[in-house]
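The values are calculated or read from the model by the stated rules, or taken from the named source; none is laboratory data. This one's a predicted model, so the numbers in the text were calculated from it and none came from an experiment. Positions of Cβ are backbone-derived with ideal geometry, glycine not excepted, and every protein chain shown enters the neighbour counts. Surface accessibility is based on the protein's heavy atoms, side chains included, excluding ligands, DNA and RNA. Shrake-Rupley method; radii C 1.70, N 1.55, O 1.52, S 1.80 Å.
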Amino acid sequence: MCLAVPGRVVAIDDRADPLTGMIDFGGVQKQVCLEYVPDVRIGEYVIVHVGFALQKLDEESARASLELFEQLGLLEEEFGDAWQQAAQQAGSDAPHAPATVERGESGSGTR
């Protein structure tokens, strides 16, 4: 399923052609085309569908929509596990997994 999801603008690259920006969807950040909303500013909310910001949205409506999407499990369906994605981008295993301890013959722990 592909949703139109509200997100907060955290960065704008006004030198890019087309105009793009980094949008935060509750912890998951994606690069998005901003050509349809060229007057958007950092900190404002936009509705994003398939990589395009379609319109600006007030913060209250954006937060209500994000909360509802999260309750329905639609954000994880759309974006996956944010922790796992962050780990993959960092090139490691899941960052929230506890570290394992191996014990050598001396009984001391090593990571």
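Below are the figures for this structure:
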item: Asp24 - accessible surface, heavy atoms, 1.4 Å probe, Å² rounded to 10; result: 40
item: Heavy atoms of Val48: accessible area, 1.4 Å probe, square angstrom to 10; result: 10
item: Where labels lie 7 Å past Cα in the beta-carbon direction, separation of Tyr36 and Ala11 in nm; result: 2.4
item: Fraction of accessible area attributable to carbon and sulfur, segment 4-49 (%, probe 1.4 Å); result: 47
